[in-house]
Amino acid sequence: MAGRPRGVDDSAILRTAVRVMGLTGPANLTLAAVAREVGVVPATLVQRFGSKRGLLLALARHGAGDFARLRERVEREHDSALDALARLVTEAWSAVTTADAYANHLAFLCSDLADPEFRELALASQRAEREACHCLLGRAADTGELRPGTDVTALAETVRAAVTGAGLLWAVDREGDLAGRRRAALSSTLAPHRTGATDRKDPA
């Protein structure tokens, strides 16, 4: 019977679309490929999202929602703001496990920048990431995890640049894994600013 089977909600479809995006990149992603992985007919996705563009817009919004939920969870589970930040940095790209998949998701980001509607969603995601990083570093400074006088705003921008750059380098040299490279970049960037009591080599 055509249509979306019971139990397959939008979130499940979009999680599958994330995986397919990693395999195909944005140019080669099709509704048929996503539908096949989900186990529905393409018409179901047309009915739900309208078009490939509609699916990709929903995917971009879904990514922003995932980040917000991840942030809420790590802040709830960690008393240490720096430990929460490390978890956030490590798990933000947990759905991407290979360099090829990461490259395909970067291609999706690049296509976002050429389209005003997609770019607005990408900008909103970037702002959310900046705010989360700044907030957690501010908490770390307030609770004594960072040295007195640390410029939290400047450090937040340095952290974001280092972590993002680590991902780009990993996509080229493919040494280690993405989570490890991002975590190491965070640890190295924070090291000079930590107080001795919390100067751990690799926060989890």
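Against the conditions (1) surrounded by 14 or more Cβ atoms within 10 Å (Cβ to Cβ); (2) touching a Lys or Arg at 6+ places or on another chain (Cβ under 8 Å), where does ARG147 fall short? Just the number, please.
That leaves (1) as the condition not met.
Kindly evaluate VAL8 against the criterion of being among the aliphatic types (A, V, I, L, M) and not in a helix (DSSP H, G or I).
Values: among the aliphatic types (A, V, I, L, M): yes; not in a helix (DSSP H, G or I): yes.
Answer is yes for this residue.
Is one or more of the residues making up the stretch 66-88 surrounded by 15 or more Cβ atoms within 10 Å (Cβ to Cβ) and modelled with pLDDT under 90? Give the derivation first.
Filtering the stretch 66-88 down to residues surrounded by 15 or more Cβ atoms within 10 Å (Cβ to Cβ) leaves 66-67, 70-71, 74-75, 78, 80-88.
From what is left, the residues that are modelled with pLDDT under 90 are none.
No: zero hits.
Would you confirm, using the coordinates I've provided, whether THR24 is assigned to a helix (DSSP H, G or I), closer than 24 Å to LEU178 by Cβ, out of contact with any Asp or Glu (no Cβ under 7 Å at 6 or more places or on another chain) and among the β-branched types (Val, Ile, Thr)? Before the answer, list the steps.
Working: assigned to a helix (DSSP H, G or I): yes; closer than 24 Å to LEU178 by Cβ: yes; out of contact with any Asp or Glu (no Cβ under 7 Å at 6 or more places or on another chain): yes; among the β-branched types (Val, Ile, Thr): yes.
It is true that THR24 is assigned to a helix (DSSP H, G or I), closer than 24 Å to LEU178 by Cβ, out of contact with any Asp or Glu (no Cβ under 7 Å at 6 or more places or on another chain) and among the β-branched types (Val, Ile, Thr).
Every residue, every condition in (1) in contact (Cβ under 8 Å) with a residue 40 or more places away in the chain; (2) touching a Lys or Arg at 6+ places or on another chain (Cβ under 9 Å); (3) not in a helix (DSSP H, G or I), yes or no:
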residue	(1), (2), (3)
GLU37	no, yes, no
HIS62	yes, yes, no
VAL74	no, yes, no
LEU82	yes, yes, no
ARG87	yes, yes, no
TRP93	yes, yes, yes
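For the stretch 126-178, which positions are among the basic types (Lys, Arg) and either at pLDDT 95 or above or in a helix (DSSP H, G or I) (or both)?
ARG127, ARG130, ARG139, ARG147, ARG160
Which pairs turn up if I take residues in the stretch 170-199 that are within 27 Å of THR98 (Cβ to Cβ) and look for partners that are among the basic types (Lys, Arg) with beta carbon separation below 8 Å, at least 6 apart in sequence or on another chain?
Short answer, once both residue conditions are applied: TRP170/ARG181; GLU175/ARG181; SER187/LYS201.
Kindly indicate the residue of the stretch 41-79 that is more than 19 Å from the chain's Cα centre (by Cα) and of a type in the set (Val, Ile, Thr) and also nearest to ALA107 (Cα to Cα) among those meeting that condition.
By that ranking, first place goes to VAL46.
Quick check on my filter: what residues within the stretch 99-128 are closer than 15 Å to ARG61 by Cβ and either buried (at least 19 other Cβ atoms within 10 Å of the Cβ) or in contact (Cβ under 8 Å) with a residue 12 or more places away in the chain (or both)? Don't jump to the end; show me each part of the working.
Just the residues of the stretch 99-128 that are closer than 15 Å to ARG61 by Cβ, to begin with: 108-109, 112, 115, 117-128.
Those that are closer than 15 Å to ARG61 by Cβ and either buried (at least 19 other Cβ atoms within 10 Å of the Cβ) or in contact (Cβ under 8 Å) with a residue 12 or more places away in the chain (or both): PHE108, LEU109, ASP112, GLU117, PHE118, LEU121, ALA122, ALA124, SER125, ALA128.
Has the stretch 167-174 got any residue that is under 16 Å from LEU85 (Cα atoms), surrounded by fewer than 18 Cβ atoms within 10 Å (Cβ to Cβ), under 18 Å from the mean Cα position of the chain (by Cα) and not charged (D, E, K, R)? Working first, answer last.
Restricting attention to the stretch 167-174, the residues satisfying the condition of being under 16 Å from LEU85 (Cα atoms) are none.
Within the stretch 167-174, none of the residues are under 16 Å from LEU85 (Cα atoms), surrounded by fewer than 18 Cβ atoms within 10 Å (Cβ to Cβ), under 18 Å from the mean Cα position of the chain (by Cα) and not charged (D, E, K, R).
Results for (1) among the hydrophobic types (A, V, I, L, M, F, W, C); (2) under 30 Å from GLY144 (Cα atoms), shown as yes or no for each residue.
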residue	(1), (2)
PRO42	no, no
PHE49	yes, no
THR90	no, yes
VAL96	yes, no
HIS105	no, no
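The values are calculated or read from the model by the stated rules, or taken from the named source; none is laboratory data. Remember, it's a predicted structure, so these values are computed and weren't measured experimentally. Methodologically, a virtual Cβ is constructed for each residue, glycine included, from the backbone with ideal geometry; neighbour enumeration extends over all protein chains shown.
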